[in-house]
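Inspection log for the structure reproduced underneath, given as structure tokens.
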Amino acid sequence: MEAILIGFMGSGKTTVGRLLAEQLQTAHADLDELIVQRAGQPITAIFARQGEGQFRQLEQRTLLAALQRPGILSTGGGTPTTAANAAILTTSSIPVIWLDATDATILARVAADDGRPLVNELDTTALLTLKQRRAALYAAAADLVIATDRLTPTQISQRIVDWLAQSAQRVIQA
Ligand code: S3P
């Protein structure tokens, strides 16, 4: 992988990941989609039938496999929340980018989607508490943070491209 996108549900990881991959002319993988392919069932069914714990184990195995592939990886909102996944993200040399967004933006984006078990399960207060709790985990895993609210997906993608180019230059100079 060339870059990994992290962030809360509805932060734009999949949309920006696709654009970024297009811009960099590389492949894009979405961790949730890879999990669905592996499990042969939707995320909501994995949560309902096997529980979140099993989902996280599947997520970890899928993450490890995905890191071997080229391109951009959009993770799930909960990926960095298990100790094992956090360790994988922080120890890998692949740049990790946190797409941050305000509570209002997240709520507006996730409201219309019933494919997310945690959104279906939690009320607004609990969802925002979860978001707040996760912020420290995203911060710990991230090499770059982008406050996305006032930016279009294309602008976000361009910022990442610029940052990746600068990081590459620093490596060459070092
Ligand atoms: C989750 C986020 C989802 C998906 C699953 C759990 C989470 O991914 O992995 O529903 O714990 O935040 P998105 O962030 O792509 O919605």
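The values are calculated or read from the model by the stated rules, or taken from the named source; none is laboratory data. Note that the structure is a prediction, hence the values are computed from the model and not measured. Positions of Cβ are backbone-derived with ideal geometry, glycine not excepted, and every protein chain shown enters the neighbour counts.
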Check: Restricting attention to region 3-46, and to residues there that are more than 18 Å from I156 (Cα to Cα), within 11 Å of the ligand (Cβ to nearest atom) and of a type in the set (A, V, I, L, M), which single residue is surrounded by the fewest Cβ atoms within 10 Å (Cβ to Cβ)?
Finding: V36
Item checked: Sole residue being of a type in the set (A, V, I, L, M, F, W, C), without any contact (Cβ under 8 Å) to a residue 12 or more places away in the chain and under 18 Å from I6 (Cα atoms), chosen from A165, A136 -> A136
Next item on the list: Sort out which residues of region 95-128 are within 24 Å of Q158 (Cβ to Cβ) and either within 14 Å of the ligand (Cβ to nearest atom) or surrounded by 14 or more Cβ atoms within 10 Å (Cβ to Cβ) (or both), and write them in order of number.
Entry: P95, V96, I97, W98, L99, D100, A101, T105, I106, R109
Next item on the list: For L127, state whether it is of a type outside the set (S, T, N, Q), farther than 20 Å from A141 by Cα and part of a helix (DSSP H, G or I).
Entry: yes
Margin query: For region 23-41: of the residues being touching a residue at least 12 places away in the same chain (Cβ under 8 Å) and in a helix (DSSP H, G or I), which is farthest from L63 (Cα to Cα)?
Written below: Q23
Item checked: Hey, I160 part of a helix (DSSP H, G or I) and β-branched (V, I, T) or not -> yes
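Matching residues to (1) surrounded by 13 or more Cβ atoms within 10 Å (Cβ to Cβ); (2) closer than 22 Å to A104 by Cβ; (3) of a type in the set (D, E):
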{"residue": "L137", "(1), (2), (3)": "yes, yes, no"}
{"residue": "L151", "(1), (2), (3)": "yes, yes, no"}
{"residue": "S157", "(1), (2), (3)": "yes, no, no"}
{"residue": "D162", "(1), (2), (3)": "no, no, yes"}
Next item on the list: Kindly establish whether A139 is in a helix (DSSP H, G or I), at pLDDT 95 or above, among the small types (G, A, S) and under 17 Å from P95 (Cβ atoms).
Entry: yes
Next item on the list: Being more than 15 Å from D32 (Cα to Cα), touching a residue at least 24 places away in the same chain (Cβ under 8 Å), within 11 Å of the ligand (Cβ to nearest atom) and not charged (D, E, K, R) narrows it down to one of T62, T82, so name that one.
Entry: T82
Check: Given the residues R49, R56, which is the only one that is charged (D, E, K, R), within 15 Å of the ligand (Cβ to nearest atom) and within 15 Å of the chain's Cα centre (by Cα)?
Finding: R56
